[in-house]
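Q: Below: one structure in structure tokens.
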Amino acid sequence: MLKRWIGPGALTAALSVLLAACGGAAPAATGPTTAPAGATTAPASGETTAPVASGEPIRIGAIFDLTGATADVSTPYSQGQKAFIEWKNANGGIAGRPIELLSQDYAYDVAKAEELYTQFVGEGVVAFSGWGTGDTEALRPKVTNDQMPFISASYSAELTDPANTPYNFLTAPTYSDQLVIAMKWALEDWKAKGNTEAPKFAYLINDSPFGRSPLADGTEFAEANGVATPLEVPSPRGATDLTPQLSQIKDSGANYVFIQNVSSPAALAIKNARSLGLDVQFVCLNWCANELLVKLAGADAEGVVGTIPFNPTGPGAEVALNYAKEKGIDFGGADSNFVQGWTAMEILVAGIEKTVADGKELTGENIKASLESLTDFDTGGVTQPITFTATDHAGSKALRVFQIKDGKWEGLTDFMTAE
């Protein structure tokens, strides 16, 4: 089994170089101080610590939403993915071979996603990085038939069981787990405030498979804990005023509103709610629990709670963010989403790298087996250590709950699971 492939040793070494260049001190190592075979470290500005990759490239396909309904978070995510590839190539690539990323905007259009996937597979990609829930779920039969290792930015629970989706891998707790964790926190918060009756819940969601992905599991959990079936309120795409939707929530008497959407519509909802005098606790799942929400909602975001699977602080995040700073990459202050993209690509590349290190051909079946051997893969504190197995492709089961205080996300809890 593979343990800590390009893990804490590599990340700590990388951070040491970067901090030394800036005159700072590196943190104490949390794992091996010598990077495992095949690992590389990040160069300081103007300094090369490993040969630049050359030779026959290894191709990875990717689709991003740069102009569609989720472009606000997909754009910095895409920048993180591309930056990781650049960083990796500057440090020797995979056993000296460069990685070539074939990517394109699909504008959140499922048909376009299917077209681009087919195109990139025809151009020889050995693995694929996807984006949305609708397109990832639509591509499942092709991904399985093509034996294409596939890591997506969708965390739909439908993608975790290798018996049904043998080539899909998730790098964060599923949307269902995120919602259950958020509800567990809400029940604890409600009780801590001295309430004895059950709270009322509502959903404010993206009107798409992404928005609805966790609702059945969340409702089952709520009802099992004495909470009435939550009100489901979709947010129309492109809406500039969500007052009608929020009025529905106000009339329902909801105490907690769980938002499964991206940052821009979530910020609009929060601002509209303040104008409406709606006194509820908003709880964002992954794609609106980020810096963009604070930037867009301003002071109205104060007190919003969020489930954040990707921590934009710590050694792993510092490698990514310092590289972006060195290269002048402007991702609009969306640290979480940039680091999220970087980390997801890092995990996908780890499977490819392990396959090469084992002297095996870069087939989908071999890369899948390598990913399934990742055990406690250390992302430098960005996520819980990632573990995939042949029977479970949900690599992470835990996250922390945060709250916006004085304009910044601050941790409220230790790592929580849906169990």
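The values are calculated or read from the model by the stated rules, or taken from the named source; none is laboratory data. These numbers come from a predicted model, not from an experiment. All Cβ positions, even for glycine, are placed from backbone atoms using ideal geometry, and neighbour counts span all protein chains on display. Surface areas here come from the heavy atoms of the whole protein model, side chains and all, with no ligands, DNA or RNA. Shrake-Rupley method; radii C 1.70, N 1.55, O 1.52, S 1.80 Å.
Q: Take Ala107 and tell me if it is at pLDDT 95 or above and either within 29 Å of Ala398 (Cβ to Cβ) or open to solvent by 40 Å² or more (accessible area, probe 1.4 Å) (or both).
A: Taking the combined requirement at face value, the residue satisfies it.
Q: In this structure, is Thr313 open to solvent by 40 Å² or more (accessible area, probe 1.4 Å) and farther than 15 Å from Ala83 by Cα?
A: Against the criterion (open to solvent by 40 Å² or more (accessible area, probe 1.4 Å) and farther than 15 Å from Ala83 by Cα), Thr313 qualifies.
Q: Considering only segment 266-379, give the helices (runs of 4 or more DSSP H) lying wholly within it that have at least 2 residues that are more than 25 Å from Gly407 (Cβ to Cβ) and of a type outside the set (Lys, Arg).
A: By residue number, 315-327, 335-357, 364-371.
Q: Do any residues in segment 226-244 that are open to solvent by 60 Å² or more (accessible area, probe 1.4 Å) have Cβ atoms under 8 Å from those of residues that are part of a loop (DSSP other than H, G, I, E, B) and aliphatic (A, V, I, L, M), where the two are at least six apart or on different chains, and which pairs are they?
A: Correct list of pairs: Ala228/Ala198; Arg237/Ala69; Gly238/Ala69.
Q: Out of all the residues in segment 65-86, which are in contact with a Lys or Arg (Cβ under 9 Å, 6 or more places away or on another chain) and either among the hydrophobic types (A, V, I, L, M, F, W, C) or surrounded by 24 or more Cβ atoms within 10 Å (Cβ to Cβ) (or both)?
A: The answer is Ala69, Ala83.
Q: Does Phe201 fit the bill of being touching a strand residue (DSSP E or B) at 6+ places or on another chain (Cβ under 6 Å) and not hydroxyl-bearing (Ser, Thr, Tyr)?
A: Yes, satisfied.
Q: Among the residues of segment 49-64 satisfying the criterion of being over 29 Å from Val294 (Cα atoms) and touching a Lys or Arg at 6+ places or on another chain (Cβ under 9 Å), which is surrounded by the most Cβ atoms within 10 Å (Cβ to Cβ)?
A: Ile58
Q: Of these, Ser275, Ser252, which one is surrounded by fewer than 23 Cβ atoms within 10 Å (Cβ to Cβ) and at pLDDT 95 or above?
A: Every option except Ser252 fails the conditions.
Q: Which residue is farthest from Pro315 (Cα to Cα), if the candidates are limited to segment 375-395 and must be crowded, with 21+ Cβ neighbours inside 10 Å and in contact with a strand residue (DSSP E or B) (Cβ under 6 Å, 6 or more places away or on another chain)?
A: His393
Q: Kindly indicate the residue of segment 323-350 that is touching a Pro at 6+ places or on another chain (Cβ under 6 Å) and of a type outside the set (Phe, Trp, Tyr) and also most open to solvent (accessible area, probe 1.4 Å) among those meeting that condition.
A: That would be Asp335.
Q: Would you mind finding the one in Thr375, Thr355 that is in contact with a Lys or Arg (Cβ under 7 Å, 6 or more places away or on another chain) and among the β-branched types (Val, Ile, Thr)?
A: Being in contact with a Lys or Arg (Cβ under 7 Å, 6 or more places away or on another chain) and among the β-branched types (Val, Ile, Thr) holds for just one of Thr375, Thr355, which is Thr375.
Q: Further question: Filter segment 175-194 down to the residues that are within 29 Å of Leu374 (Cβ to Cβ) and either modelled with pLDDT under 95 or open to solvent by less than 10 Å² (accessible area, probe 1.4 Å) (or both) and list them by number.
A: Passing the criteria: Tyr175, Ser176, Gln178, Leu179, Ile181, Ala182.
Q: Next up: Going by the structure shown, is Ala324 over 22 Å from Ala153 (Cα atoms) and touching a residue at least 12 places away in the same chain (Cβ under 8 Å)?
A: Spelling it out, it is not the case that Ala324 is over 22 Å from Ala153 (Cα atoms) and touching a residue at least 12 places away in the same chain (Cβ under 8 Å).
Q: All but one of (1) under 29 Å from Met183 (Cα atoms); (2) touching a Leu at 6+ places or on another chain (Cβ under 8 Å); (3) not hydroxyl-bearing (Ser, Thr, Tyr) hold for Gly351, so report the exception by its number.
A: (1)
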